[in-house]
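What follows is one structure encoded as structure tokens, with my remarks underneath.
The values are calculated or read from the model by the stated rules, or taken from the named source; none is laboratory data. Here the structure is a predicted model, which means the values were calculated and not measured. Positions of Cβ are generated from backbone atoms using ideal geometry, with glycine treated the same way; all protein chains shown enter the neighbour counts.
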């Protein structure tokens, strides 16, 4: 997950190429070329959408693997002191990736996500509206869900109808919004307000009467 670690391992892989046969060298260079040309050909996508890096995960892993091989069986065998440098480097750059934090993370958001974990069942599907495509609430709540970015394009009535049909068909039962009377909460016959915090509204929704249970109150 850490770009710095992957870059370092790739550079080490280049340094260690002389220890490999011609087929291994070709395999490594093909992987590196795949990374380079993917980014160059679709530069704007990689510039704007960071998740497009998933498309080059395999060649990145291959390049990093060559570097790890050279590091473990080449450098560290000859220079054991380099192991301390590796530990320090990975410890400095890697911990933030092992325990990632969203860029716009706030303590208030984290507390709200923990509350969602308490008032929803592990297998419930949540809709998070008016949060753009930011998945941080679902991430910290450890829940699966659907991000509803905002208004649709074109005919709003058709958009609302199709979104509602999709959510009902797939069994979504909890809606999280930033506004009290979001249009989506009115598409079910029954809704029940769940515990929340200022700035968020949480509703359990259903076309059948909602009975009380362990997840209807905090």
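Observations
- Being at pLDDT below 85, in contact with a helix residue (DSSP H, G or I) (Cβ under 7 Å, 6 or more places away or on another chain) and surrounded by 11 or more Cβ atoms within 10 Å (Cβ to Cβ) is not true of residue 113.
- Filter result (surrounded by 11 or more Cβ atoms within 10 Å (Cβ to Cβ) and either at pLDDT below 85 or closer than 23 Å to residue 134 by Cα (or both)) within the range 151-164: 152, 156, 159, 160, 162, 163, 164
- Every residue from the range 181-199 that is surrounded by fewer than 19 Cβ atoms within 10 Å (Cβ to Cβ), assigned to a loop (DSSP other than H, G, I, E, B) and either in contact with a helix residue (DSSP H, G or I) (Cβ under 8 Å, 6 or more places away or on another chain) or free of Cβ contacts under 8 Å to residues at least 24 places away in the same chain (or both): 181, 187, 189, 195, 196, 197, 198, 199
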